[in-house]
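Student: One structure coming up, written as structure tokens, with questions to follow.
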Amino acid sequence: GAYASSYDLGGLHRYGKDQHASVGPIYWSSSDLAAEGYQHVDGAVRMGQRTAARIAAVAGASDAANKAAIPVG
């Protein structure tokens, strides 16, 4: 197995936009999707925070609750 994902030649062009799209109630989050911290633990944490914020927004959580629960930076 591999610890990180990679695409074949042209794969990112064909499928890159799809990796950030949710599928029904399923949201994807991993360090392989991070622009900063790609394939590292800090990238996984950043993406987890970003995905949690997206889910909270869809669920109708208030901005104040989101800012209190998710540190920035």
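The values are calculated or read from the model by the stated rules, or taken from the named source; none is laboratory data. Predicted, not measured: the structure shown is a model, and the values here were computed from it. Cβ sites come from the backbone with ideal geometry, for glycine too, and all protein chains shown count toward neighbours.
Student: Any residue at all in segment 23-34 that's surrounded by 13 or more Cβ atoms within 10 Å (Cβ to Cβ), under 14 Å from the mean Cα position of the chain (by Cα), not polar (S, T, N, Q) and not in a loop (DSSP other than H, G, I, E, B)?
Tutor: For segment 23-34, residues surrounded by 13 or more Cβ atoms within 10 Å (Cβ to Cβ), under 14 Å from the mean Cα position of the chain (by Cα), not polar (S, T, N, Q) and not in a loop (DSSP other than H, G, I, E, B): present.
Student: For Lys67, all conditions in the list (1) at pLDDT below 85; (2) surrounded by 11 or more Cβ atoms within 10 Å (Cβ to Cβ); (3) part of a loop (DSSP other than H, G, I, E, B) hold save one; what is the number of the exception?
Tutor: Of (1) at pLDDT below 85; (2) surrounded by 11 or more Cβ atoms within 10 Å (Cβ to Cβ); (3) part of a loop (DSSP other than H, G, I, E, B), only one is false for Lys67: (3).
Student: Do you know which residues across segment 35-44 are in contact with a Ser or Thr (Cβ under 9 Å, 6 or more places away or on another chain) and in a loop (DSSP other than H, G, I, E, B)?
Tutor: Those that are in contact with a Ser or Thr (Cβ under 9 Å, 6 or more places away or on another chain) and in a loop (DSSP other than H, G, I, E, B): Gly37, Tyr38, Gln39, His40.
Student: Is one or more of the residues making up segment 11-25 farther than 19 Å from Val58 by Cβ, in contact (Cβ under 8 Å) with a residue 12 or more places away in the chain, of a type in the set (Gly, Ala, Ser) and out of contact with any strand residue (DSSP E or B) (no Cβ under 6 Å at 6 or more places or on another chain)?
Tutor: no
Student: I've got another one for you. With the condition kept exactly as written, say whether any residue in segment 45-61 is assigned to a loop (DSSP other than H, G, I, E, B) and modelled with pLDDT under 80.
Tutor: Among the residues of segment 45-61, at least one is assigned to a loop (DSSP other than H, G, I, E, B) and modelled with pLDDT under 80, which makes the answer yes.
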